[in-house]
Amino acid sequence: MHSLNEIEEKIALAKAAKLSGAELLLDRERACRVCNGIGADWMPDWLREAISGLNPTLVLAADIHDIRYALGGTEAERKDADDEMLENGLKLANYRYGWYDPRRYWVRKQMRKFHAILREFGGWAWKYREAANGAS
């Protein structure tokens, strides 16, 4: 969970890095309640904190992703949320580190790993709901 001050910092960074879904952070109360770093809500806090601590550049991408997962939707919307996290993570790596900095490429590689894990196992955490047109 993040404090209100942390959410304000995240909003500013999301705008500066031109992240997709940055507007979701504007519901600060929901962001404080839902965003929990990198990892599923069912994971122990210490594990999410460790993963987030080892990948601090990607936490903001995960926060936006957490909100998308809390909103839920169809399988197509889950794929879009996972793909958005991938793109946001890559943007954050590029925003934080110059092309000459090896950390940029390490963070990008980590983001691709997280995306693969999400596509394989994220359905367990996704909030499925009926689409407005009746399809699921």
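The values are calculated or read from the model by the stated rules, or taken from the named source; none is laboratory data. Only a predicted model underlies this, so the values are computations on that prediction, with no experimental measurement involved. Neighbour counts are summed over all protein chains in view; Cβ atoms, including those assigned to glycine, are modelled from backbone coordinates with ideal geometry. When the accessible area is computed, the model is the full protein with side chains, heavy atoms only, and any ligands, DNA or RNA have been set aside. Shrake-Rupley method; radii C 1.70, N 1.55, O 1.52, S 1.80 Å.
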Taking the residues in segment 1-24 that are open to solvent by 100 Å² or more (accessible area, probe 1.4 Å) and either under 14 Å from the mean Cα position of the chain (by Cα) or more than 20 Å from G53 (Cα to Cα) (or both) as candidates, determine which candidate is modelled with the lowest pLDDT.
-> M1
Output yes when any residue across segment 39-52 is of a type in the set (A, V, I, L, M), in contact with a Gly (Cβ under 7 Å, 6 or more places away or on another chain), without any contact (Cβ under 8 Å) to a residue 40 or more places away in the chain and not in a loop (DSSP other than H, G, I, E, B), and no when none is.
-> yes
Residue check, G37 modelled with pLDDT under 95, at positive phi and in contact with an Asp or Glu (Cβ under 7 Å, 6 or more places away or on another chain) | yes
Restricting attention to segment 117-136, does a residue exist that is on the phi < 0 side of the Ramachandran plot, among the aromatic types (F, W, Y) and modelled with pLDDT of 95 or more?
-> no
Among the candidates D63, D41, D45, D27, residue that is charged (D, E, K, R) and under 10 Å from the mean Cα position of the chain (by Cα) | D63
Report yes if A40 is surrounded by fewer than 19 Cβ atoms within 10 Å (Cβ to Cβ) and within 17 Å of G122 (Cα to Cα), otherwise no.
-> yes
Subset of segment 91-103 that is in contact with a Ser or Thr (Cβ under 9 Å, 6 or more places away or on another chain) and of a type outside the set (A, V, I, L, M, F, W, C) - its residue that is farthest from A17 (Cα to Cα) | R103
When you scan segment 67-103, how many residues do you find that are part of a helix (DSSP H, G or I) and open to solvent by less than 40 Å² (accessible area, probe 1.4 Å)?
-> 13
All positions within segment 1-22 that are among the small types (G, A, S) and under 15 Å from A61 (Cβ atoms) = A14, A16, A17, S20, G21, A22
